[in-house]
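Report on one structure; see the data block that follows.
The values are calculated or read from the model by the stated rules, or taken from the named source; none is laboratory data. Here the structure is a predicted model, which means the values were calculated and not measured. Neighbour counts run over all protein chains shown; Cβ positions are idealised from the backbone, glycine included. To get the accessible areas, we keep the full protein, side chains included, count just its heavy atoms, and leave off ligands, DNA and RNA. Shrake-Rupley method; radii C 1.70, N 1.55, O 1.52, S 1.80 Å.
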Amino acid sequence: MYEDLSSFVDEQEIPLLREFLFNLSWPVPPLLLRNDILLAFHHFSQQRDPKEGDLAGSWRFLRKVQEIMLADDLLIIIYRHRRANCRIFALNADNDHLINISVMDFLTFKERLVRPGLPPQQRTLTINLAPFYDYGPGLKDPHTIGQGIKFLNRHMSGSLANNPDKWNRLLYEFLKLHQLHGTQLLLDAALVRGPEELEEALAGAMDFLERCRYPDDVEKIKQRLRKLGFLDGWGNSLPRILETIHMLQDIIEQPDEANLEEFLSRIPMVSKVALLSPHGWFGQDNVLGRPDTGGQVVYILDQAKALEDFLSEDLRDAGLEIEPKILIITRLIPENEGTTSDQRLEKVWDTRNVWILRVPFRHPDNSVVTHWISRFRIWPYLDQFAVDAEEEIRRELGGRPDLLVGNYSDGNLVATRLSRSMGVIQCNIAHALEKSKYLFSDLYWDQFEPEYHFSIQFMADLIAMNQANFIITSTAQEITGTDNSIGQYESYQFFTMPGLLNVISGINLFHPRFNVIPPGVNQEIYFPHTQKRRRSARMRKAVTRLLFEQEDQDCLGRLENPGLPPLFTIARLDRIKNLTGLVEAFGQDEKLRQRVNLVMVASVVDPERSKDAEEAAEIRKMHAILKQYNLHGRVRWIGKFLGKAETGEAYRLMADRGGVFVQPALFEAFGLTILEAMHSGLPVFATQFGGPLEIIEHEQSGFLVNPTDPAVMTARLTDFFQRCEEDSRYWQGFSRRGLERARSHFTWQRHCRKLTRLTKVYGFWRYSISQQAKMRLNQYSEALYHLFYKERAEKIR
Ligand code: UDP
Ligand code: LCN
């Protein structure tokens, strides 16, 4: 099977495209990625004679090419013809046939490219999960990936309409199941004994409710309903109870997707939640992860608080006097370095019943592991951690939770173990999948292995993402990327870790489990700079002093012209955050330097005080750049961790001074700081690589910049400030539109409403699907877990 090159580019362009492709300069081994290919083509097109014609078709074709390898004299091309789907072609020098090759052949080519010495008879472990994907319905249109709940509602309401006997029984059985805190809810199975009786009972209840003579006496209404077979949980007022019962009647008579979702979302199913983030260093004060997990900790704390509020309201609306309880399960670390990481139980501030529950890691002899361990080395401890965590959760909650939420690769794996043993619905949140963050982490896995152990982490990811009942992502491109580039989950579809494993089908992106639900920020802390009365004068003074004036071992640089507007940035000094790139770009652009100062809050200024090799190297690099461009009068570097309240005031102070926020990461999975700045009314410039692409509408609610093209990035900033000097409304416009965008799309209230809905809808779905089919996948995952994951993990103790 082949396609002709002419189906992708015009005939007259083919000779030039071939000339380009067959004269590429190859690195060792001969493999080029999209960015390299586009740069090479840019160079090629600049050198050729313009009379040879337009190259628009070749550009279009090459933008969709993800990688090219040279295998013997064949070019192997990965072409992403649409979202969530790649084709693999082989092209030779003799003709224009793009021959389709299988994933397995492609992986073998690629594996041999890196490991030419691999004996032909040595076959690598091959993982193919495709045979297990058929246990449920799948999406068809790639553009609907990320809206799994919509698909499920349509599918389930269709099933209720087409197969009412089976599905009405399922619905009846499901309603009968509900209990909260030991109290039976919704249906009294002794009075309503089957789906047929349910219809009759509903008619009776409606009759009573419509003619009720004591509409304000909810207790009396509930008493009467109990006699008709309807227990508590239908609502907290006559109109609400009536509406909910009416919805159920409609679903049975004439099911439709919107009604089904609304009805399921009213069922009081969730009052106890366990959020898992095992690797630890999880606290509220100065303990926000370490390193590279700061955003995750902020996310979970804010989510837990907002979820408590939402669930309280949800249970109240159902007419129940129940307080929800939320546990954040993390690691207990005895060597706490002055933090609360050694406390078993810590109440989350400003909540009624949200707790951090810490469970220690244990050695094989059952003794407690006392020191902090990087997230890349925690794998051998998770199996026992899951066992211990289950016991602790049961003790704290007096039973099972109603929802388990995993966070990051480790939390998702533990959620998988707990979901399996406790029989509880599981939601996964990746935050960041390291496979996309570390270029070639699969292909050169053995070089990464001593420090990062990606072979274990990627297996944990594969197991957890295929077992989750639903997965929430902060952006759509986290799942399927953009039209031209591959998404984070998508990168697990097929890959090779040469000599170790070849994954030919690792994730089904068309499974309805994926849903995009972006996070928000704590709006008590991040509010617009214009809301002067909410701001504390004391805090303003303290943060101004820290950011602009203080001189001590944590602060570097004295601004020569403090009145200039600031470029503000705040992040850890990880390579990928690219703050060194920003400072270098700033150093190289004289025009920009004349207009603005740069203020950054980042890690520590003394590399000796850093606990992380990558961070220490970045700190040293930062010092070198500051010196090289003589920036000490233009840049302030605050090497200190700011508390949450201080960060809120910092964004507002920058907005007061007509500044902007810059997020220059080489790749950012989402980027909470961008949202925080937008909620504060500070205009944003953020990387175009990753999540920010979906936070910001370019040139409307902020700017997307390419940090790998520093001159263009700083020119954009200069242009912005020039325009602001000409017309102050220019700055105001971006501040206002950024704020509007953040408030309308990125709030925790929206997030929690959707998360709770998903739990309920997927709860019903999980109940309705054949457990037998899913069992096959469970067994396969179990084998991978014990034979591959645990085996390898044990070796890094
Ligand atoms: N942060 C903070 N104090 C600091 C530096 C960062 O509170 O000194 C917070 C910041 O406000 C944000 C989080 O850490 O809420 C970083 O999250 P983000 O998603 O931007 O990046 P991550 O660190 O997760 O990659
Ligand atoms: C991890 C990241 O790398 C950030 O991009 C996210 O904003 C953060 O987690 C919260 O999800």
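Some points to look at:
- One Cα centroid belongs to region 360-413, the other to region 531-547; the line between them spans 40 Å.
- By accessible area with a 1.4 Å probe, ligands and nucleic acids excluded, highest first: order of M775, M654: M775, M654
- Under 5 Å from the amide H of Y2 lie the amide H atoms of N100, each residue being 5 or more positions distant or on a separate chain, with H modelled from the backbone and absent for Pro and chain starts.
- J(HN,Hα) series, region 524-533, from Karplus relation 6.51 cos²θ - 1.76 cosθ + 1.60, nearest Hz, glycine and proline x: 6, 9, 9, 10, x, 4, 6, 7, 4, 5
- If you take the Cα centroid of region 253-324 and the Cα centroid of region 659-674, the two points sit 26 Å apart.
- Sequence-separation-based contact order of the chain, relative, with Cα cut under 8 Å and 6+ spacing, percent: 13
- Whole-Å distance, taken between Cα centres, linking region 139-189 and region 698-760: 39
- A simple spin-label model places pseudo-atoms 7 Å from Cα toward Cβ; at A613 and S536 they are separated by 4.2 nm.
- Region 79-173 - charge dipole about Cα centre, Lys and Arg +1 at Cβ, Asp and Glu -1, debye rounded to 20: 240
- For region 170-299: relative contact order, % (alpha-carbon pairs under 8 angstrom, 6 or more apart): 20
- Heavy-atom accessible surface of the chain: percent carbon and sulfur, 1.4 Å: 48
- Solvent-accessible surface of region 321-479, taken per residue with a 1.4 Å probe and all protein chains present: 32 Å².
- In a DSSP loop and with at most 16 other Cβ atoms within 10 Å, the GluC sites (Glu not before Pro) in region 287-396 are E321, E335, E337.
- Over all pairs of different C-alpha atoms in region 474-597, the reciprocal of the mean inverse distance, the Kirkwood hydrodynamic radius, equals 19.8 Å.
- What the phi angles of region 417-429 give under the Karplus curve with 6.51, -1.76 and 1.60, with θ = phi - 60°, is a coupling list of 5, 5, 4, 5, 7, 9, x, 10, 4, 10, 10, 10, 10 Hz, glycine and proline written as x.
- Region 86-163 - accessible surface per residue (Å², probe 1.4 Å): 50
- Here's the picture: charge each Lys and Arg Cβ at +1 and each Asp and Glu Cβ at -1 in region 412-467, and of H431, Q447, F458 the one pushed furthest to the positive end of that dipole is H431.
- With Rh defined as the Kirkwood radius, the inverse of the mean 1/r over Cα pairs, the Rg/Rh of region 12-79 is 0.95.
- Packing-based order for 637-646, 674-683, 605-614, using average beta carbon neighbours within 10 Å, highest first: 674-683, 637-646, 605-614
- Compactness of the chain, expressed as Rg and Dmax over alpha-carbon positions, Å: 28.4, 89
- Residue (of V369, L382, N407) at the positive-pole extreme of region 364-409, dipole from beta-carbon charges: N407
- In sequence order, calculated HN-Hα J values of region 468-483 (Karplus, 6.51, -1.76, 1.60; Hz; x Gly/Pro): 4, 6, 8, 10, 10, 10, 7, 9, 6, 5, 4, 8, 10, x, 10, 4
- Cα-Cα over 32 Å, subset of K64/K795; K150/K774; K325/K435; K140/K166: K64/K795; K325/K435
- Normalised contact order of region 332-478, rounded percent, pairs of Cα under 8 Å and 6 or more residues apart: 18
- Å³ per residue enclosed by the Cα convex hull of region 235-286: 145
- Residue (of A665, T647, V635) at the positive-pole extreme of region 626-666, dipole from beta-carbon charges: V635
- Taking 32 Å as the limit for the C-alpha separation, the pairs K621/K644; K577/K754; K176/K790 exceed it in the case of K176/K790.
- The length gained on full extension between E590 and F440, counted as 0.36 nm times the residue separation minus their Cα-Cα distance, comes to 50.4 nm.
- Among the listed pairs K532/K611; K437/K627; K272/K640; K220/K305, a Cα-Cα separation exceeding 32 Å is found for K532/K611; K272/K640; K220/K305.
- Packing rank of 754-766, 583-595, where each peptide gets the mean count of other beta carbons within 10 Å, highest leading: 754-766, 583-595
- Electrostatic bookkeeping for T473 treats Lys and Arg as +1 and Asp and Glu as -1; over the other residues with beta carbon under 11 Å from its beta carbon, the sum is -1.
- Charge dipole (debye, nearest 20) of the chain; +1 at Cβ of Lys and Arg, -1 at Cβ of Asp and Glu: 1680
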